1. Pull up all non-local amide H partners of residue 164: gap of 5 or more, or a different chain, and H-to-H distance under 5 Å with H placed in the peptide plane.
2. Using only alpha carbon pairs under 8 Å that are at least six residues apart, calculate the relative contact order of the range 51-116 and give it in whole percent.
3. Considering only 164, 150, 127, whose Cα is most displaced toward the positive end of the charge dipole of the chain, charges sitting on Cβ of Lys, Arg (+1) and Asp, Glu (-1)?
4. Taking the Cα atoms only, what angle lies between the long axis of helix 134-158 and the longest principal axis of the chain, rounded to 10 degrees?
5. What list do you get for 94, 32, 164 if you sort them by fewest beta carbons within 10 Å?
6. Between the helical axis of 8-49 and the dominant principal axis of the chain, each derived from Cα atoms, what acute angle in degrees is found, rounded to the nearest 10?
7. Compute the label zone of residue 133 within the range 39-62: residues whose backbone N is under 19 Å from the point 7 Å along Cα-to-Cβ.
8. Please list the non-local residues whose amide H lies under 5 Å from the amide H of residue 123, H modeled 1.01 Å from N, same-chain partners needing a gap of 5 or more.
Amino acid sequence: MLSFKLKKANHDKVSRVSKFLCTVGFVGIVVFSAYTAISSYIKATSILSDHSVVDAALAFEYTTEERRKRGRVSTTYHFLYQFSVEGVDYEGRFTTSESNSDKFLDAATIAVAYSNSDHALFDRLELLERNNDFMGILGRLALAFLGFAFLMSLLHLLMTEKLFVLREEDREPEQDEELADDPAAMPESHRA
């Protein structure tokens, strides 16, 4: 693996910069995730507080494929749904992964909830009900928080222990080597 050998002073600077960047990245990701989760909750709550449900005509539009490592292909399915309220036509779109697409490919309609006060506010009923569960959103945010913390810690360790490493002459000797050199510092149970 590629690694750059640095003096101790430079390695300490790189470590501080890495810690700062990982912290800023972590905070940014958490703030963005919290914002999108809360926005989804507010939208779901506003629609479901006074809503009507309609069966919208569902149509498959197209798929997109993304090539990944080792020849894997990720397929995304794009769907369109249309409905009318008081003579006004509305349409919405959504995407789903290949593993979740079967239930939509086989369906001719999908349940859509719209706000009675503003018919332009609508979304899939299933999605709105999931986003309306505040405790569920908090649970997902807590899991995301832990996952992002782990990833940023791992990124920091990779940068400071694998990519940018101390030169051999700047490394501190291992504790075991110190104990072997100084028998007086060795615990009595380890002395010969």
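No value in this document is a laboratory result; all are computed from the given coordinates. Bear in mind that the values here come from a model prediction, so they are computed numbers and not experimental data. Cβ coordinates were reconstructed from backbone atoms using ideal geometry, including for glycine residues, and neighbour counts include every protein chain displayed.
1. The list, which skips near neighbours in sequence, is 4.
2. On the way: 113 pairs, mean separation 28.0, N = 66.
Dividing the mean separation by the residue count of the range 51-116 yields 42 percent.
3. Checked the options; the winner is 164.
4. For helix 134-158, the angle is close to 30 degrees.
5. Working: 94 15, 32 10, 164 19.
Lowest to highest Cβ neighbour count: 32, 94, 164.
6. The angle comes out near 20 degrees.
7. Counting only backbone N, you get 39-49.
8. 113
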